[in-house]
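The block underneath contains the structure these notes are about, expressed in structure tokens.
The values are calculated or read from the model by the stated rules, or taken from the named source; none is laboratory data. These figures come from a predicted structure and were not determined experimentally. Using ideal geometry, Cβ is built from the backbone for each residue, glycine included, and neighbour counts are taken over all protein chains shown. These area figures cover heavy atoms from the full protein model, side chains too; ligands, DNA and RNA do not enter into them. Shrake-Rupley method; radii C 1.70, N 1.55, O 1.52, S 1.80 Å.
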Amino acid sequence: MAAGLSMLKFSVLLGLLSNLNLGLWPESSKGLKIFPPTCNRIECPSFETVHVGNGFEIRHYNSSMWMSTSPIQDISLVQATRTGFLQLFDYIQGKNEYEQTIEMTAPVITEVLPSDGPFCESSFTVSFYVPKVNQANPPPAKGLHIQQWKATYAAVRQFSGFVSDSNIGEEAAALQASLAGTNWAAAIEKRRAEDPTSSYIVAQYNSPFEFYNRVNEIWLLFDLEEGFAI
């Protein structure tokens with residue numbers, strides 16, 4: 001019974017991310033061929049694309065606030081993300097200290113710290129972007145914590161289809177390969193050395209009930225030193 005209720009809540013949560021208009025957005029100044037349709041009707045973090053490369057783009061994200069789960073230990077990104085979804089769904093439905101409901105945002109992101117071996121548990125932190133109207137005083141909640149992001153840069157690879165445990169590592173590796181030999185790669189490695197708690201981020205924009213024009217992304221966050229030529 002409890003498992004069935006959890007799956008129902010999970011389905012309702014992901015259904016909120018669906019969009020009846022499955023067509024592509026037109027080309028935009030952001031440089032994306034497919035811009036997540038979800039962001040046409042619910043709030044997403046704002047960014048500016050500062051460079052478009054071969055298989056990647058570099059974005060500058062404004063400072064933002066995210067409500068995050070505690071690290072979830074699992075061998076499956078898909079299962080860990082599902083577990084985190086359920087916790088965050090309860091949160092936005094009012095299971096917080098203010099008993100306040102919160103508007104849905106996108107994307108759902110999963111920070112990944114891979115394990116040392118194929119059959120070992122990795123660490124996953126699942127987060128929702130806090131709407132701007134709530135960022136001054138986001139409701140606290142047991143088992144969740146706020147992440148305050150300063151303005152940051154992200155190297156981004158976009159891919160379609162469904163996120164799976166088998167393809168996510170390949171997409172992350174493809175992003176790394178496309179960045180090899182660029183000035184961006186050095187900045188990313190510097191950030192990783194300073195903060196080893198996250199290797200990469202998986203951003204998901206679509207409901208699992210959408211089969212066309214799905215948009216997912218891999219993010220590698222980094223900072224730029226003053227004077228860096230973009």
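Report yes if some residue within the stretch 206-220 is under 23 Å from Ser68 (Cβ atoms), at pLDDT 85 or above, among the acidic types (Asp, Glu) and outside any loop (DSSP other than H, G, I, E, B); otherwise report no.
Of all residues in the stretch 206-220, those under 23 Å from Ser68 (Cβ atoms) come to 206-208, 215-220.
Filter again for at pLDDT 85 or above, leaving 215-220.
Still in the list and also among the acidic types (Asp, Glu): 217.
Next, from what is left, pick out any that are outside any loop (DSSP other than H, G, I, E, B): 217.
Yes: the stretch 206-220 contains one or more residues that are under 23 Å from Ser68 (Cβ atoms), at pLDDT 85 or above, among the acidic types (Asp, Glu) and outside any loop (DSSP other than H, G, I, E, B).
Residues that are surrounded by fewer than 20 Cβ atoms within 10 Å (Cβ to Cβ), in a loop (DSSP other than H, G, I, E, B) and free of Cβ contacts under 8 Å to residues at least 60 places away in the same chain: does the stretch 180-190 have at least one? Spell out how you get there, then give the answer.
Narrowing the stretch 180-190 to residues surrounded by fewer than 20 Cβ atoms within 10 Å (Cβ to Cβ): 180-183, 185-186, 189-190.
Of the ones still in play, those that are also in a loop (DSSP other than H, G, I, E, B) are 180-182.
Now restrict to residues that are free of Cβ contacts under 8 Å to residues at least 60 places away in the same chain: 180-181.
The answer is yes; a qualifying residue exists.
Inspect the stretch 87-95 for any residue being in contact with a Ser or Thr (Cβ under 9 Å, 6 or more places away or on another chain), assigned to a loop (DSSP other than H, G, I, E, B) and farther than 25 Å from Ser199 by Cα and give the result as yes or no.
yes
From Phe124, Phe128, Phe159, which residue is surrounded by 15 or more Cβ atoms within 10 Å (Cβ to Cβ), closer than 18 Å to Pro196 by Cβ and aromatic (Phe, Trp, Tyr)? Don't jump to the end; show me each part of the working.
Working: Phe128 fails: closer than 18 Å to Pro196 by Cβ; Phe159 fails: closer than 18 Å to Pro196 by Cβ.
Every option except Phe124 fails the conditions.
Run Glu217 past the list (1) open to solvent by less than 70 Å² (accessible area, probe 1.4 Å); (2) of a type in the set (D, E, K, R); (3) without any contact (Cβ under 8 Å) to a residue 60 or more places away in the chain and report the number of the one that doesn't hold.
(3)
Specify the residue that is nearest to the chain's Cα centre (by Cα); the eligible residues are those in the stretch 45-103 that are aliphatic (A, V, I, L, M) and open to solvent by 40 Å² or more (accessible area, probe 1.4 Å).
Of the stretch 45-103, the ones aliphatic (A, V, I, L, M) are 50, 52, 58, 65, 67, 72, 75, 77-78, 80, 86, 88, 92, 102.
From the residues that got through so far, the ones that are open to solvent by 40 Å² or more (accessible area, probe 1.4 Å) too are 50, 52, 75, 78.
Working: Val50: 19, Val52: 20, Ile75: 19, Val78: 13 Å.
So the residue we want is Val78.
Which members of the stretch 112-138 meet the condition of being assigned to a strand (DSSP E or B) and touching a Phe, Trp or Tyr at 6+ places or on another chain (Cβ under 7 Å)? Walk me through how you get there before you give the answer.
Of the residues in the stretch 112-138, the ones assigned to a strand (DSSP E or B) are 112-113, 122-129.
The answer is Val112, Val126, Ser127, Phe128, Tyr129.
I need the full set of residues from the stretch 157-179 which are within 18 Å of Gln79 (Cβ to Cβ), in contact with a Leu (Cβ under 6 Å, 6 or more places away or on another chain) and not in a loop (DSSP other than H, G, I, E, B), in order please.
Correct list: Ile168 only.
Within the stretch 53-97, which residues are over 19 Å from Tyr200 (Cα atoms) and among the hydrophobic types (A, V, I, L, M, F, W, C)?
Within the stretch 53-97, Leu86, Leu88, Phe89, Ile92 meet the criteria.
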